[in-house]
Amino acid sequence: VLSILTAGRHRTHLEKLRQRLAGAHESVAHRFAPLGIETAFRSTGMFLWAKLPTTLEAPTVMQMAKSRGIVLAPGEMFRPDGRTTGHYRFNVAYSDSDLLSDFIRTLPEGR
């Protein structure tokens, strides 16, 4: 570990990883925009937070997604008080997919 840290190669690796994640964020945000998804809390990390264009409750959306092989994480899972936020957390490495986009298109619209 000392050799890795002192040689400095990890910095190059981390910078490339940051660039790839930033690109994935942009790609997913561009895919989500025409679907009526509001992105929030934009960063360049592994996750993108967004609101789906539906009035359905999170447990219903999660079950519908699960039946199609999609795992969704609603914001309340990440709040200590469990309060509904209306946001979902998307892993950008897996969210630039036709399967997810097609699922979102099938959700009843409304706010």
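The values are calculated or read from the model by the stated rules, or taken from the named source; none is laboratory data. These numbers come from a predicted model, not from an experiment. All Cβ positions, glycine included, derive from the backbone under ideal geometry; neighbour counts span all protein chains shown. In case anyone asks, the SASA skips ligands and DNA or RNA and just uses the protein heavy atoms, side chains included. Shrake-Rupley method; radii C 1.70, N 1.55, O 1.52, S 1.80 Å.
A few comments on the model shown:
- Complete set of residues in the stretch 1-48 that are open to solvent by 80 Å² or more (accessible area, probe 1.4 Å) and of a type in the set (Phe, Trp, Tyr): 41
- Considering only residues in the stretch 53-96 that are under 24 Å from residue 26 (Cα atoms) and of a type in the set (A, V, I, L, M), the one that is surrounded by the fewest Cβ atoms within 10 Å (Cβ to Cβ) turns out to be 71.
- Filter result (within 21 Å of residue 102 (Cβ to Cβ) and not β-branched (Val, Ile, Thr)) within the stretch 27-48: 27, 29, 30, 31, 32, 33, 34, 35, 36, 38, 48
- Pairs with Cβ under 7 Å, 6+ apart, first in the stretch 32-61 and farther than 26 Å from residue 14 by Cβ, second of a type in the set (Asp, Glu) and part of a strand (DSSP E or B): 51/38
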